[in-house]
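Values in this text are rule-based calculations from the coordinates and carry no lab data. These numbers were taken from a predicted model, which means no experiment stands behind them. Virtual Cβ from ideal backbone geometry, glycine too; neighbours counted across all protein chains shown.
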Amino acid sequence: MVLDRVSSLVKVTLLTSRVAKDILVEYMKTFKLENVEVNIVDLPVHSISMLSAENIAKIVSRKSVVRDKLGESEIILIPGSVSGDAKVISDVIDRPVFKASRTIVHLPQVLKYITEGGKLDTIKPAEDIITLSEPRYEYTEAFKVNGLSIPLRGPPIILASEAIARLKGEEFKESIARFLREGAKIIVVGSSFDTQPEELESKVRLVADISYPILVEAPSRSHAYRALDAGAQGVITSCDIIEEISGYLSKDHLLVIGDRSIDSLVKALEFTRSIGLYKVIIDPVVGIPLIDFSSTIYRYSEASKLRVPLWFSSANVIEEVEADSHSLHAILASLALELGASIYSVVEDSYKSIHSTAEAREALRVASQAYSMKSTMRGSYSSLLIVKSSSQPEQAPQEYTSIAEPVNYIEPYWDKRGYLRIFVDHKNKVIIAAYIMHRGGIIAVKGRSATSIARALIRKASLDPEHSAYLGYELSKAELALKLSLPYIQDEPLLKTPWDDIIEESRG
């Protein structure tokens, strides 16, 4: 449909779900739209975006009230994420139905395009028809720390990474450098009651020249004094010792106060304001799963009323749940955004949480993008889909499957000259492949590329085709193990899934 008179008032109905209607109504109130009258009609479904156009047409055909409302409009718009051709809905209500944008944040631009005489499509979403500008983050800055803007509420959410207390010397410096490469904007130098104040001071001096804020965990007054004197820009501590360390804090220092008690946090805030400290972030504490995780929502909801930035630490969940950390960060980032967190904190306390900084950065990117577009993450590109894919993998071409001969288990041919050993050195990030001869002598090569290592060892050891194939198979496992930081055991499966045993049982 093309409008001949772009100045005339166009009656447009947005067809949505019952769940999304209130969100859509409130969002559209924030825009002043010219030459268009917008009505919003909801279907009795939880998510219209997951339906097909055919299913929507069937629902509309059974709802006379909905049909009557839609019949009052010149144009009906459905979400661009709906599958199928919108023409089938037009056939039911005798009105033109087109696909709008996939997300509601672009609707004002879509409506403006319509009033200017633009034509949408019944199959393609608006994003494929017109160029839509991405929304900008608009936030209230609470204050700056070492030049870094801290939002009162995210997005954006600032990523902080902690170097745990047991890291020392070069390992400590290398960890800090990796955190910064992986996206951290705040560095936390961890400590405990076993950490000597002099050791904490030494660590701060090692990284004092970086251009990002450095915070320290301060379990005592001495820890706070030594760290701040060494150049730390702030302190993370509990409500219990704020009065003790307050004398060391200037108005430019950042204070992060953590406590599960909202009353304690309120009293701590009252005290800091009474002595002129306003660069304060509070941490109501993300609970431990199966202990007090569900209380997290209540604590953060109450804390958000205090009008100060919120610290959201992922540590209790990442370390206490036996699941891959990247998936946990994906859901925690969403929770942090919903709760209005300003800082998302990562602690790589065990090997299973290594590279959590990079994972959290990606989780925050995907979640923040969806949140700013008032959408879900469904359909967004995400590198957190590591083991699974959002779409079904392509099938093998029929021309090959039709002629391929089935192969069952084949006994291996044993090499009388020697045997192969393969290792993954995670510390040095290399794979080692060795051919050990029965009569003595070892031929070994190392590297990061499975194919190059295979070619090198095959040529050096003159391996036969069968053992070359075996070497290639094991090296591909080793390369994946190195990339995913997984243990590698030769001749053992690299990945174990919950459905492996079920598949084996079904095969008899």
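Taking packing as the residue-averaged number of other Cβ atoms within 10 angstrom, the listed peptides 363-370, 80-87 run from highest to lowest as 363-370, 80-87.
Listed peptides 95-108, 390-403, 246-259, 180-193 appear in the order 95-108, 180-193, 246-259, 390-403 once ranked by packing, highest mean of other Cβ atoms within 10 Å at the front. Here the stretch 413-508 is described by how far its Cα atoms reach on the three principal axes: 44, 33, 20 Å, from widest to narrowest. Each of Glu141 and Asp252 was given a label point 7 Å from its Cα along the Cα-to-Cβ line. The distance between the two points is 1.6 nm.
Let me make sure I get this right: for the stretch 337-399, a, b and c are the square roots of the gyration tensor eigenvalues over alpha carbons, sorted descending. Under 1.5 in a/c it's rounded, otherwise prolate if a/b > b/c, else oblate. Which is it? It comes out oblate by the Cα gyration axes.
Take the residue pairs Lys173/Lys446; Lys185/Lys251; Lys112/Lys185 and return only those whose Cα atoms are more than 32 Å apart. Working shown, then result.
Details: Lys173/Lys446 27 Å; Lys185/Lys251 21 Å; Lys112/Lys185 39 Å.
Correct reply: Lys112/Lys185.
Would you list Glu138, Glu171, Glu405 from fewest to most Cβ contacts within 10 Å? Walk me through the intermediate numbers first.
Values: Glu138 7, Glu171 11, Glu405 4.
Least crowded to most crowded, the residues run Glu405, Glu138, Glu171.
Given R₀ = 41 Å, FRET efficiency for Val387-Glu116 by Cβ-Cβ distance, to 0.05? It comes out at approximately 0.35.
Gyration tensor over the Cα atoms of the stretch 51-160: the corresponding equivalent ellipsoid has semi-axes (square roots of 5 times the eigenvalues, largest first) of 39, 15, 13 Å.
Name the shape class, rounded, prolate or oblate, that the alpha-carbon gyration tensor gives for the stretch 289-386, where a ≥ b ≥ c are the square roots of its eigenvalues, rounded holds for a/c under 1.5, and otherwise prolate holds if a/b is larger than b/c and oblate otherwise.
Details: a/c = 1.79, a/b = 1.10, b/c = 1.63.
Verdict is oblate for the stretch 289-386.
What the pair-distance distribution of the stretch 112-264 shows, using all Cα-Cα distances binned every 5 Å from zero, is 2, 8, 15, 17, 15, 11, 7, 4, 4, 4, 5, 4, 3, 1, 0 percent.
Rg over Rh for the stretch 151-372 works out to 0.94, both radii taken from alpha-carbon positions and Rh defined as the Kirkwood radius.
Taking every DSSP beta bridge that has both residues in the chain, what percent is antiparallel when rounded to the nearest 5? Can you show the working numbers first?
Details: 18 of 61 bridges.
So the antiparallel bridges amount to about 30 percent of the total.
Taking the Cα centre as origin and putting +1 on Lys and Arg beta-carbons and -1 on Asp and Glu beta-carbons, what dipole magnitude results for the chain, to the nearest 20 debye?
Values: 60 positive and 67 negative charges, 213 e Å.
Magnitude of the dipole: close to 1020 debye.
Listed by chain and number, the lysines whose C-alpha is less than 29 Å from the C-alpha of Lys388, apart from same-chain residues fewer than 8 away, are Lys124, Lys352, Lys374, Lys427, Lys429, Lys477, Lys483, Lys496.
If you wrap a convex hull around the C-alpha atoms of the chain and split its volume per residue, what is the figure in Å³?
233
Between Ser192 and Tyr400, the modelled label-to-label distance comes to 5.3 nm, taking each label 7 Å out from Cα in the direction of the beta carbon. Given R₀ = 45 Å, FRET efficiency for Ser64-Leu148 by Cβ-Cβ distance, to 0.05? Efficiency, rounded to the nearest 0.05: 0.20. Fully extending the segment from Arg205 to Val19 would add 61.6 nm, taking 0.36 nm per residue of separation and subtracting the current Cα-Cα distance.
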